[in-house]
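Engineer: The structure's right below; bear with me while I get my questions together.
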Amino acid sequence: MSQWIPLCQLDDILPGSGVCGLIGEHHIAVFRPYTDEQVFAISNIDPFAQASVLSRGLVAEHQGDLWVASPLKKQHFRLHDGFCLEDETHSVAHYDVRVRENIVQVKA
């Protein structure tokens with residue numbers, strides 16, 4: 001059975017950036033690209049560098065989708081599903097995420 005796990009306050013995430021959280025053993029990167037309550041959650045582990053860094057990447061729009069560029073090797077991961085633009089075999093997990101009463105929650 002899945003449940004919604006609180007991760008942080010929405011205000012902890014500056015618009016246009018991401019934060020890292022831990023749910024169980026999973027490093028989760030949560031991004032808030034705009035000033036509203038829209039948030040996205042993907043794995044924080046860069047599969048090319050095996051490092052927990054994606055939350056520190058740059059968020060940008062490309063072909064109508066939002067992406068994060070890894071700060072290490074610059075591969076791009078689509079925020080809504082974790083798809084890797086450069087190599088789909090290295091896509092990352094994505095997580096359902098929502099905001100309730102200013103609390104960011106991830107479905108685990």
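Engineer: Between rounded, prolate and oblate, where does the stretch 44-99 land on the alpha carbon gyration tensor, with a ≥ b ≥ c its root eigenvalues, rounded for a/c under 1.5, else prolate if a/b exceeds b/c? Kindly include the intermediate steps, with their values, before the conclusion.
Structural biologist: Values: a/c = 1.37, a/b = 1.19, b/c = 1.15.
Because its axes are fairly even, with a/c under 1.5, the stretch 44-99 counts as rounded.
Engineer: With 24 Å as the cut-off, how large is the P(r) tail for the stretch 2-108, expressed as percent of Cα-Cα pairs? Don't skip to the answer; put the middle values down first.
Structural biologist: Details: 870 of 5671 pairs.
So the portion of pairs separated by more than 24 Å is 15 percent.
Engineer: Separation between the residue 38 and residue 72 pseudo-spin-labels, each 7 Å from Cα along Cα→Cβ, expressed in nm?
Structural biologist: Once both label points are built, they end up 2.9 nm from each other.
Engineer: If R₀ is 22 angstrom, what is the calculated FRET efficiency for the pair residue 102 and residue 50, using the beta carbon separation as r and rounding to 0.05? Before the final figure, lay out each step's value.
Structural biologist: Values: r = 34 Å, r/R0 = 1.53.
Efficiency, rounded to the nearest 0.05: 0.05.
Engineer: Ignoring ligands, DNA and RNA, please state the percent of accessible area on the chain from carbon and sulfur, probe 1.4 Å.
Structural biologist: Working: 3020 of 6120 Å².
That share works out to 49 percent.
Engineer: Might you tell me the accessible area per residue for the stretch 4-107, computed with a 1.4 Å probe and given in Å²?
Structural biologist: Here the residues of the stretch 4-107 average 54 Å² of exposed surface.
Engineer: Among all stretches of the chain without exposed chymotrypsin sites (Phe, Trp or Tyr not before Pro) (DSSP loop, at most 15 other Cβ atoms within 10 Å), which one is longest? Each step should come with its number before you reach the end.
Structural biologist: Numbers: sites that count: 34, 48.
The reported range is 49-108.
Engineer: May I pose another question? Are there trypsin sites (Lys or Arg not before Pro) in the stretch 64-96 that DSSP marks as loop and that have at most 16 other Cβ atoms within 10 Å, and which are they?
Structural biologist: Details: sites: 73, 74, 78; in loops: 73, 74.
Passing sites in the stretch 64-96 are 73, 74.
The values are calculated or read from the model by the stated rules, or taken from the named source; none is laboratory data. Owing to the predicted nature of the structure, the values given are computational and were not obtained by experimental measurement. Counting neighbours? That spans all protein chains shown, and the Cβs are built from the backbone with ideal geometry, glycine included. Just the protein is used for accessible areas: all its heavy atoms, side chains included, with ligands, DNA and RNA removed. Shrake-Rupley method; radii C 1.70, N 1.55, O 1.52, S 1.80 Å.
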